[in-house]
Amino acid sequence: MIEINQNTGSDFEIILIIIGWLLGMFSSLFIEKYKNYSKRKEVKKGIKSELNELRLRLAATNLELTFRIGDITLEYARWIKPYYKLLFESETFAYLRTVPKIDNPITHLPDDEFQRCLIISINRKKDSIVITTPSVPKIVLPYTDSNYGSISLLKEKLLFQIAQLKKDIISINDCIDDVKYYHNKTFEELSESNRKVVEYNIDKNVLSIRDKTKYIIKLIEEIIK
């Protein structure tokens, strides 16, 4: 006669409970992992979109300051050329056009001729306008800053690049504040020597802003590629 172990049923129930617990745990982990993946993808897309827009605005600032400074090298002309085309095609930056909008902008020219066109345009502008202290808006990243808590989900390389970008933005914003500070000084009663110091500091910071915008643009290119 075969004896039935009375513990078999209870053991089976325990096994089912353990299996159910494991399935619940792994499903929770899977759901959390999927949420993190979706959030990471969303944040990455949003950051890249914001940086792409910032890149164009910085190119506009860089070009405007370079027009003021006046040092258009062939290397610079090659670098700014693709951005000039984007700025040329955008009504937002119509004020930067060095020639009227036509079907074939000057970006279709060889690099050396494109450089000469920029230099001629700069000379014309210098003859027709009074050079004043440039008004450069501070750089802000509202989307990136508002999603700061989710940035940790991104890959280590991208985290490092964003951290470097934030550091560079703080640096350039400091220069922008300095330009505003010294510009306000020009309205004060100053000695000739002090006025020269103020003008020197404005020019120094404007040059620094111009150079830093180019550096930040290159960093953004690395991030969004």
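The values are calculated or read from the model by the stated rules, or taken from the named source; none is laboratory data. These numbers come from a predicted model, not from an experiment. Ideal geometry is used to build each Cβ from the backbone, glycine not excepted, and the neighbour counts take in all protein chains shown.
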Filtered residue count, region 123-173, keeping only those that are assigned to a helix (DSSP H, G or I) and modelled with pLDDT under 85:
12
Could you list all residues from region 93-113 that are modelled with pLDDT of 70 or more and touching a Phe, Trp or Tyr at 6+ places or on another chain (Cβ under 8 Å)?
Ile106, Thr107
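What residue, of Lys212, Lys155, Lys166, Lys204, is over 21 Å from Glu64 (Cβ atoms) and surrounded by 11 or more Cβ atoms within 10 Å (Cβ to Cβ)?
Details: Lys212 fails: over 21 Å from Glu64 (Cβ atoms); Lys155 fails: surrounded by 11 or more Cβ atoms within 10 Å (Cβ to Cβ); Lys204 fails: over 21 Å from Glu64 (Cβ atoms).
It is Lys166.
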Among the numbered criteria (1) out of contact with any helix residue (DSSP H, G or I) (no Cβ under 6 Å at 6 or more places or on another chain); (2) under 26 Å from Lys39 (Cβ atoms), which one does Lys180 miss?
(2)
State the number of residues belonging to region 138-170 that are basic (Lys, Arg) and in contact with a helix residue (DSSP H, G or I) (Cβ under 7 Å, 6 or more places away or on another chain).
1
